[in-house]
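Since the structure comes first, as structure tokens, the remarks are kept for the end.
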Amino acid sequence: MSTTQDRFQLSPLTRVLTPEVAGLAELLAALKAGQSILARPGDAPISPVLETKQWLYCQSSGSTGYAKTIRRTPQSWIRSFEMDREMFGLSAADVYASLGTLSHSLTLFAAVAACHMGADLAMLGERSPRRQMRELLGLKVTVLYATPAQLRLLLRAGPTEPLRQLRLIFSSGGKLDPATRAALATLCPGATVQEIFGASETSYMTLAGPDAPPESVGRAYPGVELRIADADAAGVGEIWMRSPYLFDGYEQGQSAETRWQGGWLTIGEMGWIDAVGNLYPKGRRNRMVTVADRNVFPEEVEAVLLQADGVEAAVALALPDVRRGHKIVAVVQGTAPARVLRQLCRQDIGEHAVPRDIRHMEALPMLAAGKPDLRALRRLLEAE
């Protein structure tokens, strides 16, 4: 596998099927000229940058705080393009699509990967879910990149004929719940779902295919080394990684959770690894709180809520509580009764993690990255 290329390429084989998408013309021009690429939210999501060396700059999702601008080398993505080509038989015969905007690193990754492979490219993030469904079928998309929230919205679009030509779905940006996996299997009967666990800073950490244990995010992606530091009695500790896919550093902003140590990187994710190498993330250290002197990861609560019938999206937030330290408040998009949701949390995690209050919303506020906007929800709850 060759990884010597130090610039992104624009294959002459790539056909752009959605040329009107915001930022796409600027992206193609930057790739053609070998310029640095700056991706950020707004009406102009892509800006070429004139520099001697080509860099990729993109913003983290900002779901738990202010967004940071990440700097990475082309090689850090090209290596994974080549690895995916080898593992999944990707080629210029494929049609790539994504359901986000180019300001989001997953969508940008899909677009640049298609251009590198010579695959055709369809960017569907500016369409309604119903139109996305029609175009996935009409454009004969074979490879799809999306977040779990985007996939759930797509599935809500209503009945359609099966997307039989779709053979590979990459899901990233949160845990994919069993109900969504099952619905995708019906909609896309020939597709394999690969769940990517990672972040803008790390790119791939693990990959979970159909055989991965349901609660895990699979094993380390090829070339990635994982270790758990300062584990507690249950084996839960901070996840550290070493790989060729890591970012170079922050161009703007910083995070106390992101730390380097002798070539190893942590971004503050907590979890444990089983005997055969499957990773079980618990959540971000900076979201962990104590409820009645017991640690609670809001991400664990969210994962349980998403298992319930009738839940399309869910967020768990920790608010101060004089008696218990914190209380968990859940905001749910969907129709599942609060008593059912509380019982699920009680049996899967424990009484301490049961939300004290469960609010239902017609639609959760979302970030451009396709994730719930935690800061907006927290402001709403605190205002109440």
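A few points about this structure:
- A39 vs. criteria closer than 26 Å to T206 by Cβ, free of Cβ contacts under 8 Å to residues at least 40 places away in the same chain and hydrophobic (A, V, I, L, M, F, W, C): no
- From A292, A303, A220, residue being surrounded by 17 or more Cβ atoms within 10 Å (Cβ to Cβ), farther than 30 Å from T73 by Cα and not charged (D, E, K, R): A303
- Matching option when the condition is at positive phi and in contact with a helix residue (DSSP H, G or I) (Cβ under 7 Å, 6 or more places away or on another chain), among G370, G334, G325, G310: G370
- If you go through region 185-198 and pick out every residue that is among the aliphatic types (A, V, I, L, M), under 17 Å from the mean Cα position of the chain (by Cα) and surrounded by 20 or more Cβ atoms within 10 Å (Cβ to Cβ), you end up with 1.
- Of the criteria (1) surrounded by fewer than 16 Cβ atoms within 10 Å (Cβ to Cβ); (2) touching a residue at least 60 places away in the same chain (Cβ under 8 Å); (3) not in a helix (DSSP H, G or I), which one N286 fails: (3)
- Region 47-69 - residue that is under 20 Å from the mean Cα position of the chain (by Cα) and at pLDDT 95 or above and, of those, surrounded by the fewest Cβ atoms within 10 Å (Cβ to Cβ): Y57
- Scanning region 131-139 for any residue that is free of Cβ contacts under 8 Å to residues at least 12 places away in the same chain, in a helix (DSSP H, G or I), farther than 26 Å from D43 by Cβ and not basic (K, R) turns up at least one such residue.
- Single condition T18 does not satisfy, out of (1) within 20 Å of the chain's Cα centre (by Cα); (2) surrounded by fewer than 19 Cβ atoms within 10 Å (Cβ to Cβ); (3) among the polar types (S, T, N, Q): (1)
- The residues on offer are G277, G283, G325, and the sole one that is within 18 Å of the chain's Cα centre (by Cα) and either under 27 Å from S255 (Cα atoms) or at pLDDT 90 or above (or both) is G283.
- Restricted to strands (runs of 3 or more DSSP E) entirely inside region 215-273, no element has at least 2 residues that are among the β-branched types (V, I, T) and within 30 Å of R40 (Cα to Cα).
- Test for L166: is it modelled with pLDDT of 95 or more, part of a loop (DSSP other than H, G, I, E, B) and under 30 Å from Q75 (Cβ atoms): yes
- The test for being closer than 20 Å to E86 by Cα, surrounded by fewer than 21 Cβ atoms within 10 Å (Cβ to Cβ) and touching a residue at least 60 places away in the same chain (Cβ under 8 Å) does not hold for P213.
- Identity of the residue in region 230-269, loosely packed, with under 12 Cβ neighbours inside 10 Å and farther than 19 Å from V296 by Cα, that ends up farthest from the chain's Cα centre (by Cα): G262
- Of note, R339 does not satisfy the criterion of being surrounded by 18 or more Cβ atoms within 10 Å (Cβ to Cβ), of a type outside the set (A, V, I, L, M, F, W, C) and either in the same structural domain as G174 (by TED's automatic domain parsing) or out of contact with any Leu (no Cβ under 7 Å at 6 or more places or on another chain) (or both).
- Tally, over region 121-134, of residues that are closer than 27 Å to P12 by Cα and surrounded by 17 or more Cβ atoms within 10 Å (Cβ to Cβ): 7
- Number of residues in region 254-277 that are touching a Gly at 6+ places or on another chain (Cβ under 6 Å) and farther than 16 Å from A231 by Cα equals 1.
- Pairing each residue of region 236-255 that is outside the structural domain of L38 (by TED's automatic domain parsing) and without any contact (Cβ under 8 Å) to a residue 24 or more places away in the chain with any residue that is surrounded by 17 or more Cβ atoms within 10 Å (Cβ to Cβ) and hydrophobic (A, V, I, L, M, F, W, C), provided the two are 6+ apart or on different chains, yields no C-beta distance under 7 Å.
The values are calculated or read from the model by the stated rules, or taken from the named source; none is laboratory data. None of these values were measured; they are calculated from a predicted model. Quick reminder, even Gly has a Cβ in these numbers, built from the backbone with ideal geometry, and neighbours come from all protein chains shown.
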